[in-house]
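Just so you know, all these numbers are worked out from the coordinates, no wet-lab data involved. Everything numeric here is computed off the predicted structure, so don't read it as measured data. With ideal geometry, Cβ positions are generated from the backbone for all residues, glycine too; neighbour counts draw on all protein chains shown.
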Amino acid sequence: SKWVEGAAGWAAAAMAAGRSLSRAERKAAARAEFLRQEEQRERRRQVARILCKAAAERSPDEASLLAGSPEIVRDLERLRKKREGLRRRLEEVCDEPEELKKKVSKLSLAVRSAKHLIIYTGAGISTAASIPDYRGPNGVWTMLQKGRSIRATDLSEAEPTLTHMSIACLHKHGLVHHVVSQNCDGLHLRSGLPREALSELHGNMYIEVCTSCSPNREYVRVFDVTEHTALHRHQTGRMCHKCGAQLRDTIVHFGEKGILQQPLNWEAAIEAASKADVILCLGSSLKVTMERTSVVAFLFAQGPCLWAPIFPL
């Protein structure tokens, strides 16, 4: 350590004096820097091993090492808390039957008492239809972070889940006024939910439009129209039967701003947000939309929640 400090010191002094270093001096300085970094890595490894022990099990020398390395301890503690937070986010929490009954009763009362209830849905409500979500235990981002492959899924074979059908039923009976969805799987429409009661903020993979026609002409398909489309490349390869122009998909990718009136229906989503006194969030961490729009932030500012997310938004 003393040699390392000495080599680094005279190298810095030579450079400060304006004298260029010889080849031997440059090699010595590089070696000193390498050894310094290696000492830091070894010290970090030692501190990490000590932190894994209970405080009562640490020797006086180990306690002294921790006291002399406050920055390393703070950094390792920060990383530990971050990993713990990520682990908690991946856990699926299942309430006990009695606790679940209590929560269902509270939710039922909130739904019946609401004057203008809207529902916000994400990928989690479609996992029962064999469509993977993003941040769940088997989600797309989760699997990619683990270095695992993602299995292909034929979304055209997916059918509305019990959640989709329940939402449509609640709307039919006047208990739900509007549904705002991040999903592009089209299952809300297939459940019977009316178009005017739905805002599909990220588009619908079964709808392509002609933007040359006025108003835009929609084509609702039974197949996925996005097979040949991608970020900033939305033409589907099919033509409008009326004007002959290229059709485009309705998907809003990461990094894009949706410009189509339908099926995004942003105006209805904003109007619903301004009137809502209760919002029910299902199957979404809300991370994407909280970053991209003030609609959900506005909703959360309206009043207390029955259950808050277990991690900061």
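A Förster radius of 51 Å combined with the Cβ-Cβ distance from Thr127 to Ser22 puts the calculated FRET efficiency at roughly 0.20.
Which shape class applies to the stretch 150-235: rounded if a/c is under 1.5, otherwise prolate when a/b exceeds b/c and oblate if not, where a ≥ b ≥ c are the square roots of the Cα gyration tensor eigenvalues? It comes out oblate by the Cα gyration axes. The protection proxy used here, the mean number of other Cβ atoms lying within 10 Å of each residue, ranks peptides 166-173, 117-124, 53-60 as follows, highest first: 117-124, 166-173, 53-60. Amide H contacts under 5 Å for Arg238: Leu247, restricted to partners 5 or more places along the chain or on a different chain, H placed in the peptide plane at 1.01 Å from N. Are there trypsin sites (Lys or Arg not before Pro) in the stretch 61-126 that DSSP marks as loop and that have at most 16 other Cβ atoms within 10 Å, and which are they? The qualifying sites are Lys115. Dipole magnitude for the stretch 230-282: about 340 debye, using +1 per Lys or Arg Cβ and -1 per Asp or Glu Cβ, origin at the Cα centre.
Between Ala67 and Glu157, the modelled labels are 6.6 nm apart [label points 7 Å from Cα along Cα→Cβ]. Scalar couplings 3J(HN,Hα) for the stretch 99-116, obtained by applying the Karplus form with A = 6.51, B = -1.76, C = 1.60 to θ = phi - 60°, are 5, 5, 4, 4, 5, 4, 5, 4, 5, 4, 5, 5, 5, 5, 7, 5, 8, 8 Hz; x denotes Gly and Pro. Cross-linked pairs Lys102/Lys172; Lys82/Lys257; Lys103/Lys275; Lys242/Lys275; Lys106/Lys172; Lys82/Lys106: Cα-Cα separations exceed 28 Å for Lys82/Lys257; Lys242/Lys275; Lys82/Lys106.
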